[in-house]
């Protein structure tokens, strides 16, 4: 995801210090602790963290980077602290949003009431390449489509949050939320004695509990597995980490096979039935018989077993249609339509370049706006107007004009900043927040999230693939 | 557990053991080469100290392809330690073990992964000059890291199937290595068997014992000069010498009894057979059969066992009605 830059002269909301440089109450205890620490102490802790991350092998792969296949993600040792009341609003807002998105998916793959009601245009769904016709009329256990959602949120002041995007396919990053906490407890055990931070370590238990709850009916003791594309995938570390934390098998496509519309894994004691697959492989690659024929990552016959209701996939097939950046604009309406509630979290105002009026406005204001591809992710292929040069804007304009419906634009938000340990000392850097919402038994979140930080001064791009780092996120116990 | 997982773990520990054995062999070779004499007779160039590691590991022809011409200490070291093109070089083994572990992180403990990953990261820092600057120190380091990894495994891992496959890999590789070392050394040393007890002999046999950490054990057990037959007895039949064939087969047999269910008894039976031969074997029999023939028979047996382990656990073949779906 992204955010945009305000001119350096404009002030952004800092989450720790007010305009006079006084820490806010929720940062009080930390600020006091920090003031007693010399720079050398912090520098040594930062080095310790870097070494530990390298040794623990907590890495991600960067696509298109021939040099290093694996890299450690930069970790910042200064935590982001959030009061319980702020978190409650975010947490309630995320649960509400995910309930509505689930209802939306169930609806569009069945009766399409929301289209009949004239709220979402038919072409928005049927014309979307991420809409899976194969899923029409398929009932999924518990009606749950999105078992794990990552909702990207930014703050512009203490009261105002915006949802930047929903990640409903195979959102990643939760392992960093968990590892960052462990790292902080290893580096600064005394801080946890002073400050009551809500624990996040039970995430894997909650995940497993939810996954077991959506097993096909009839499995008394459901077998859950994590399906990974393999050790060369950028998020492989996370796949292995989650399997280990849940105590379930980490499988690759080659470990599974389908017989009589039932999925089995190859074990040292013969075939063993699999009930729930937490898959971290995209829809396209799941089953060469149903989707991409050239997929060697998938399992032939998996989709047939899924349709027959003999195995549960988490997330369900076809959720991409709901996290597309143009469907995003309808999320507040979905909340009103399915839940009869007012949205707790707001969307960023968004222009759809498929609409002539929006297109005209955006083309006239490119230097002020952020433009993204509707189906892009990872911060690739977007234009940050205020940070772009003239030629970049000109080139991007050409791309927009070619397929304008593939783009959306948003105003440049003054993202909040958090103090971050950088070369020159401690300085403010822009951050975003990705909480992980789990559905199955119920819709819940653990009190924590991944905070991504744009390490370059002034930058608003927090993606790890684009020079972003991460921080531990502390939700204070109320 | 998953067959692929079992396969990865089995090979992870085999690779570590292989790296350690290479370090042991090269270390002893290096020390021998510092001695002022050679057991070189016409037509016996292959028995030159620096050729032995290549002969024992079966890598001689691969070496000549890579370094045509003579066997030189520098080239053997390069080939066996750092050469990425040699899949049995110490560096390649550690990398492969680390890759196996990386793809199986869920099945091993964090401490194990951390330790092995660190082993690999440090290994990557070695280049030719650093190795050559302190050859003995380097081999010692590899041995220690291998011990350390086994220790971390022993000390942290749940005694489940994963653990058994890890141990199985270690002992299969170790048994194979001890048998090969012994076989090749006998070939080499036979010409000089005449002067048993001579200085050359003492160093040669002493080196062999040292390469498998059995020198002190020999002293403790025999309190006497080193003789070839006793060395054979020690490294084949003594169950209390940790790198002997008997000790390895004790472990392997026990592990397979643990792993095999009622439909998988063939692997256990083959191991039991090999084990019984060692458990009830006598030095006299070995002499009668001939040491080389005896060891060849043993290696044939372990090779059959390896195939059976593959077929049963690691790369299983399922009944045809299940296999058909897979082929579709």
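The values are calculated or read from the model by the stated rules, or taken from the named source; none is laboratory data. Keep in mind the model is a prediction, meaning the values are calculated, not measured. Here the Cβ is made from the backbone with ideal geometry for all residues, glycine too, and neighbour counts use every protein chain on show.
A few comments on the model shown:
- Top-ranked residue in region A:266-277 [being touching a strand residue (DSSP E or B) at 6+ places or on another chain (Cβ under 6 Å) and either buried (at least 22 other Cβ atoms within 10 Å of the Cβ) or part of a loop (DSSP other than H, G, I, E, B) (or both); ranked as nearest to the other protein chains (Cβ to nearest Cβ)]: A:274
- Leading residue by the ranking (surrounded by the fewest Cβ atoms within 10 Å (Cβ to Cβ)) among those in region A:292-302 that are modelled with pLDDT of 90 or more and in contact with a helix residue (DSSP H, G or I) (Cβ under 7 Å, 6 or more places away or on another chain): A:301
- Only one entry of B:165, B:171 meets the criterion of being modelled with pLDDT of 95 or more and under 22 Å from residue B:292 (Cα atoms), and that entry is B:171.
- Taking the criterion of being buried (at least 20 other Cβ atoms within 10 Å of the Cβ), within 7 Å of another protein chain (Cβ to nearest Cβ) and not in a helix (DSSP H, G or I), the residues of region A:253-264 that qualify are A:257, A:258.
- Cβ-Cβ contacts under 8 Å between residues 6 or more apart (or on different chains), taken from a first residue in region A:180-203 that is without any contact (Cβ under 8 Å) to a residue 12 or more places away in the chain to a second residue that is buried (at least 17 other Cβ atoms within 10 Å of the Cβ), are listed as A:192/A:184.
- Residue match in region B:123-143 (condition: crowded, with 18+ Cβ neighbours inside 10 Å and within 23 Å of residue B:249 (Cβ to Cβ)): no
So that you can scan it fast, the table gives a plain yes or no per residue for (1) touching a residue at least 60 places away in the same chain (Cβ under 8 Å); (2) out of contact with any helix residue (DSSP H, G or I) (no Cβ under 8 Å at 6 or more places or on another chain); (3) within 14 Å of chain A (Cβ to nearest Cβ):
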| residue | (1), (2), (3) |
| --- | --- |
| B:64 | no, yes, no |
| B:72 | no, no, no |
| B:78 | no, no, no |
| B:95 | no, no, yes |
| B:113 | no, no, yes |
| B:121 | no, no, yes |
| B:127 | no, no, no |
| B:133 | no, yes, no |
| B:152 | no, no, yes |
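- Residue B:214 being crowded, with 21+ Cβ neighbours inside 10 Å and either modelled with pLDDT of 95 or more or more than 18 Å from the chain's Cα centre (by Cα) (or both): no
- Odd one out for residue B:258, checked against (1) without any contact (Cβ under 8 Å) to a residue 40 or more places away in the chain; (2) surrounded by 14 or more Cβ atoms within 10 Å (Cβ to Cβ); (3) within 14 Å of chain A (Cβ to nearest Cβ): (1)
- Residue match in region B:102-109 (condition: more than 10 Å from chain A (Cβ to nearest Cβ) and free of Cβ contacts under 8 Å to residues at least 24 places away in the same chain): no
A quick yes/no check of all residues on (1) crowded, with 18+ Cβ neighbours inside 10 Å; (2) touching a strand residue (DSSP E or B) at 6+ places or on another chain (Cβ under 8 Å); (3) in a helix (DSSP H, G or I):
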site: B:69; (1), (2), (3): no, no, no
site: B:77; (1), (2), (3): yes, no, yes
site: B:81; (1), (2), (3): yes, no, yes
site: B:84; (1), (2), (3): no, no, no
site: B:88; (1), (2), (3): yes, no, no
site: B:97; (1), (2), (3): yes, no, yes
site: B:106; (1), (2), (3): yes, yes, yes
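- Residue count for region A:323-335, restricted to those that are crowded, with 18+ Cβ neighbours inside 10 Å, in contact with a strand residue (DSSP E or B) (Cβ under 8 Å, 6 or more places away or on another chain) and modelled with pLDDT of 95 or more: 1
- Single unsatisfied condition, residue A:437 versus (1) more than 30 Å from residue A:43 (Cα to Cα); (2) in a strand (DSSP E or B); (3) over 16 Å from the mean Cα position of the chain (by Cα): (3)
- Within the option set A:124, A:96, being out of contact with any strand residue (DSSP E or B) (no Cβ under 6 Å at 6 or more places or on another chain), modelled with pLDDT of 95 or more and surrounded by 14 or more Cβ atoms within 10 Å (Cβ to Cβ) holds for one residue only, A:96.
- First in region A:216-245 and more than 11 Å from every other protein chain (Cβ to nearest Cβ), second anywhere and in a helix (DSSP H, G or I), Cβ under 6 Å, 6 or more apart: A:222/A:212; A:224/A:211
- Residues of region A:303-312 classified as surrounded by fewer than 24 Cβ atoms within 10 Å (Cβ to Cβ) and in contact with a strand residue (DSSP E or B) (Cβ under 6 Å, 6 or more places away or on another chain), total: 1
- Residues in region A:278-291 that are buried (at least 18 other Cβ atoms within 10 Å of the Cβ) and within 14 Å of chain B (Cβ to nearest Cβ): A:278, A:280, A:287, A:288, A:290.
- Residue check, residue A:343 part of a helix (DSSP H, G or I) and at pLDDT 95 or above: no
- Checked against (1) surrounded by fewer than 20 Cβ atoms within 10 Å (Cβ to Cβ); (2) assigned to a helix (DSSP H, G or I), residue A:232 meets all criteria but (2).
- When residue A:250 is tested against (1) surrounded by fewer than 20 Cβ atoms within 10 Å (Cβ to Cβ); (2) within 30 Å of residue B:256 (Cβ to Cβ), exactly one condition is not met: (1).
- Test result for residue A:392, modelled with pLDDT under 90 and surrounded by fewer than 23 Cβ atoms within 10 Å (Cβ to Cβ): no
- From the options B:182, B:189, residue that is buried (at least 21 other Cβ atoms within 10 Å of the Cβ), closer than 30 Å to residue B:226 by Cα, more than 12 Å from chain A (Cβ to nearest Cβ) and modelled with pLDDT under 95: B:182
- Residues satisfying the stated conditions in region B:252-272, i.e. farther than 14 Å from residue B:309 by Cβ and in a helix (DSSP H, G or I): B:254
- Odd one out for residue A:179 among (1) touching a helix residue (DSSP H, G or I) at 6+ places or on another chain (Cβ under 6 Å); (2) within 14 Å of chain B (Cβ to nearest Cβ); (3) surrounded by 21 or more Cβ atoms within 10 Å (Cβ to Cβ): (1)
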